[in-house]
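First comes the structure, then the notes that go with it.
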Amino acid sequence: MKIALIGAGRIGRLHARHLAADPATRELLIADALPKAAETAARDTGGRSVPTVDEALDLADAVVIAAATDAHAALVRAAVERGLPTFVEKPLALELNETEDLVELIEESRVPVQVGFQRRFDRAYREGRRLVEAGELGRIYLVRLIAHDAEPPPPAYIPTSGGMFRDSSIHDFDAFRYITGGEVESVFALGTVRVDEVFERHDDVDTVGALLRLADGTLGVLSATRHNPRGYDIRMELVGARDSVSMGVGPRTPSRSLEPDASPTEAAWESFLTRFEDAYRAELAAFVAMARGESDSPCTAGDAFEAMRIAVAATISHRESRVVKLAEIARSRTEVTHAPVS
Ligand SMILES: NC(=O)c1ccc[n+]([C@@H]2O[C@H](COP(=O)([O-])OP(=O)(O)OC[C@H]3O[C@@H](n4cnc5c(N)ncnc54)[C@H](O)[C@@H]3O)[C@@H](O)[C@H]2O)c1
């Protein structure tokens, strides 16, 4: 299969490596708005850099989009209109109304599309989902979601990212839905700038706390920061009536226990690239299978839309200091409230 990779930045280079190593890839065509970025990724992986995105799409049998978030909507549209099976990094699009338009386009076209919420491919997260589905945890009381980045993203990334809730916490919102199988009914979120005032200059925040409530009453408690001096700390903890389990808690968890009998720890997770390397590889293997018609999308445009609705609700909640019901987050509502959404 000829696969076009659009966007050869931090995550694009990792995807290039995994795609190049997949025996199903006959040729990897790499395009980026910055031709040098495409050339470097091609040189490092044995792929071929292509001067324009259009050329890469014209030559490809399937597409992986890892360009900046503000480019996703147009690139997904171009790929789907060509009928190409498409993988797109999260979020599906920068804005909720664009996301909704894409969901319609994708569903009508029936072109297979997978969105890059890689935690769905992490072994511990998958086991968590299995346990919930099998009822082994009993009734879930509460889910704790932790997302503390090791380092903030480069300053140039911030203005095109969509803001912390839509760029980062959206992973936690998707994981909350994925693991519990439930839908969020309401959100109360607070955000603040504690790490670096560059976030404030871009009307963004770098430290977040949020309470989520599922329709069945289960609570979610999210904490997220753009910096953690000990490393990249992504966890989920579920407390149920029959068991209590955690994902991301182990010898590499970047938090120093002060308990006298705590076991010595190993080198902490440094970044998303290493923490989720296996999950990124597995999600692209799933994409290749989907592109060959062997399986359905494991993370649909509809899933991405639901995660985006929660992210928009959280952003409004933070801005307006109030609980936001997800029922408010429909397209008409977004058009009214769009301006203040960071
Ligand atoms: N799933 C994850 O864990 C994860 C992690 C990091 C980033 N991401 C997502 O991946 C995307 C890229 O993030 P990144 O950290 O690699 O960013 P980055 O800034 O390192 O790279 C983005 C690349 O996209 C290119 N680009 C921008 N607009 C383009 C266009 N119209 N056509 C072609 N190329 C274009 C840029 O030149 C740059 O090389 C973002 O949407 C981000 O949300 C996901």
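Laid out as a table, the results:
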quantity: Radius of gyration and Dmax over the Cα atoms of the stretch 4-112, both given in Å; calculated: 13.2, 38
quantity: Relative contact order for the stretch 1-153, counting Cα pairs under 8 Å that sit 6 or more residues apart, in percent; calculated: 18 percent
quantity: Residue order, fewest to most surrounding Cβ atoms within 10 angstrom, among E104, E27; calculated: E104, E27
quantity: Antiparallel DSSP beta bridges within the chain, as percent of all bridges there, nearest 5; calculated: 55 percent
quantity: Contour excess over end-to-end distance, with Cα ends at D44 and E151 and 0.36 nm allotted per residue; calculated: 36.0 nm
quantity: Three-way shape label, the stretch 246-326, alpha-carbon gyration tensor, a/c 1.5; calculated: oblate
quantity: At R0 = 35 Å, FRET efficiency that the Cβ-Cβ distance of E183 and R292 yields, to 0.05; calculated: 0.65
quantity: Mean separation of Cα contacts under 8 Å, 6 or more apart, over the residue count of the chain: relative contact order %; calculated: 19 percent
quantity: Using a Förster distance of 51 Å, the FRET efficiency for T265-D22 (Cβ separation, nearest 0.05); calculated: 0.95
quantity: L59 paired with S257, simple spin-label distance in nm, labels 7 Å along Cα-to-beta-carbon; calculated: 5.2 nm
quantity: Shape category assigned to the stretch 187-256 from the gyration tensor of Cα positions, a/c cut at 1.5; calculated: oblate
quantity: Mean Cα-pair separation over length for the stretch 215-326, i.e. relative contact order, pairs under 8 Å, 6 or more apart, %; calculated: 16 percent
quantity: Helix axis angle, 277-291 relative to the chain longest principal axis, alpha carbon, degrees; calculated: 50 degrees
quantity: Descending semi-axes in whole angstrom, ellipsoid equivalent of the stretch 118-234, from the Cα gyration tensor; calculated: 28, 15, 11
quantity: Rounded if a/c under 1.5, otherwise prolate or oblate - the stretch 120-186, Cα gyration tensor axes; calculated: prolate
quantity: Residues of the stretch 196-216 with amide N under 18 Å of a point placed 7 Å along Cα→Cβ from E328; calculated: 209-215
quantity: Ranked K325, K90, criterion: other C-beta atoms within 10 Å, fewest first; calculated: K325, K90
quantity: Near-label residues of the stretch 40-58 by backbone N, under 15 Å of a point 7 Å along Cα→Cβ of K2; calculated: 47-58
quantity: For E136, net neighbour charge (Lys/Arg +1, Asp/Glu -1) across residues whose Cβ lies under 15 Å away; calculated: +2
quantity: Reach of K36 by Cα under 29 Å, taken over lysines that are not fewer than 8 positions away in the same chain; calculated: K2, K90
quantity: Compactness of the chain - radius of gyration and Dmax, Cα, Å; calculated: 19.7, 61
quantity: Potential lengthening between E107 and H227 on full extension [0.36 nm per residue; Cα-Cα distance subtracted]; calculated: 39.4 nm
quantity: Nearest 10 degrees, 0 to 90: helix 123-134 Cα axis against the chain principal axis; calculated: 60 degrees
quantity: Within the chain, helix-based [θ] at 222 nm, where runs of 4 or more DSSP H residues each add -39,500 (n - 2.57), nearest 500; calculated: -11000 deg cm²/dmol
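Bear in mind these aren't lab numbers, they're just calculated from the coordinates by the rules spelled out. All values reported here derive from a predicted model rather than from experimental measurement. All Cβ positions, glycine included, derive from the backbone under ideal geometry; neighbour counts span all protein chains shown.
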